[in-house]
Amino acid sequence: MGKQMTEMLKGTLEGIVLALLAEQPAYGYEITARLRDHGFTDIAEGTIYALLVRIEQKSLVDVEKVPSEKGPPRKVYSLNAQGAAELEEFWKTWDFLVQHIEKLNTHKTDTTSKEN
Amino acid sequence: MAAKWIEMITGPLDQKKQYREAKKRIEALPEPYRGVATAQHRYYLVYGGVTDGDTLVQMFTDLADLWERAAIDGTPVGAIVGDDPVEFTETFAESYGGKRWIDKERTKLIAAVDEAIGKEGRP
C-alpha cells in the first residue's frame, strides 16, 4: 500500500470499521476479511486490532466473549447506540469532504472535457 | 487492612499480579511471536510514557491476547505488523488513553499560551 494511501486511510478506517459493524457484529479476523472483500487488501491485521481496542475504549461498541475451538475466547464486537451516532457523524463528515475536495479536482474535469 | 496499607507504598498488588501474568504469557509464546511481542513490550517501557498502571496492565494483557491468538491461528508476523513495525507499535499504544508524562507538559504549554494571549488583550 502506498504511503499516501496509508495516511489517508488512517483518518477514515475507524468510520469504515464502524460501517462494517453496523452491517453485523464480528470478531477481529472477520473484520479484516470483510475489509479485504471490500477491496481494502493491504491492511495489516494488527492495525484493525488496535482500532478495535480504541473503539472499545471509546465505548462505541459492545463486546461479547465467545468461546473458540482453540485458544482464548474471541471478542465479538457489535455497534451500540453511541457507535451508531458516531457512524452517522462520520458519514456527514465524509460527504462534506467529498463535496469540497471534488471541487478542487480540476484535473479530473480537464481530462473528461478532453475525452468529449 | 494491612494489604491496603502496603499498597499505599507499593501500588496496587492486584495490578502487579496482572502485569506479571501478562509478562508470563508473553514469555510463554512460541517463536517467532515471542520475539516480536518481547520487542514491543520493551519498546513500550521506553516509549510509552504511560504513568497510569491500569492502562499499562490493560495494554500488556491485550498484547498477550493479540499474539496468543496469532500463534494459535498461525498468522504470519508480517500480516499483523504490516510494513512499518514502529508505526504499528505506536498506533497500538495510542489506543489506550491513559495518562502519560507528556500530559503534564501539554497542560503547562496550554496555560503558557493562554497567559500570553491574555497579555495581548491589554493596551
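Here, each number is a calculation from the coordinates, and none is a lab measurement. None of these values were measured; they are calculated from a predicted model. Positions of Cβ are generated from backbone atoms using ideal geometry, with glycine treated the same way; all protein chains shown enter the neighbour counts.
Shape verdict for the range B:12-111, please, from the Cα gyration tensor: rounded (a/c under 1.5), prolate (a/b greater than b/c) or oblate. If you can, show how the numbers build up before the last one.
Values: a/c = 2.86, a/b = 1.51, b/c = 1.90.
It comes out oblate by the Cα gyration axes.
Order of A:3-15, B:72-84, A:40-52 by packing, highest average Cβ count within 10 Å first?
Details: A:3-15: 12.9, B:72-84: 14.5, A:40-52: 20.5.
Peptide ranking by packing, descending: A:40-52, B:72-84, A:3-15.
Report the Rg/Rh value for the range A:1-43, based on alpha-carbon coordinates and the Kirkwood definition of Rh.
Computed over Cα atoms, the ratio is 0.97.
For chain A, find the longest principal axis of its Cα atoms and tell me its angle to the long axis of helix A:106-115, 0 to 90°, nearest 10.
60 degrees
Mind checking the mean number of beta-carbon atoms from other chains within 10 Å of the Cβ atoms in A:48-58?
5
List the pairs from A:Lys10/A:Lys92; A:Lys10/B:Lys17; A:Lys70/B:Lys23; A:Lys10/A:Lys58 whose alpha-carbon separation is above 27 Å, in the order I gave them.
The answer is A:Lys10/B:Lys17.
Which of rounded, prolate, oblate describes the range A:23-76, given a ≥ b ≥ c as roots of the alpha-carbon gyration tensor eigenvalues and a/c under 1.5 marking rounded, otherwise prolate only if a/b is larger than b/c? Write out the running numbers ahead of the final one.
Numbers: a/c = 1.72, a/b = 1.25, b/c = 1.38.
The shape class here is oblate.
Round to the nearest 10 and give me the degree value, 0 to 90, for the angle of helix A:45-57's Cα axis relative to the longest principal axis of chain A.
70 degrees
Once both axes come from the Cα atoms, what is the angle between helix A:28-37 and the longest principal axis of chain A, in degrees from 0 to 90, rounded to 10?
The answer is roughly 30 degrees.
Sum -39500 (n - 2.57) across every DSSP H segment of at least 4 residues in chain A, then divide by the residue count to get the 222 nm mean residue ellipticity, nearest 500.
It comes out at -22000 deg cm²/dmol, rounded to the nearest 500.
Once a ≥ b ≥ c are taken as the square roots of the eigenvalues of the Cα gyration tensor of the protein assembly as shown, is the result rounded (a/c under 1.5), prolate (a/b larger than b/c) or oblate (a/b not larger than b/c)?
oblate
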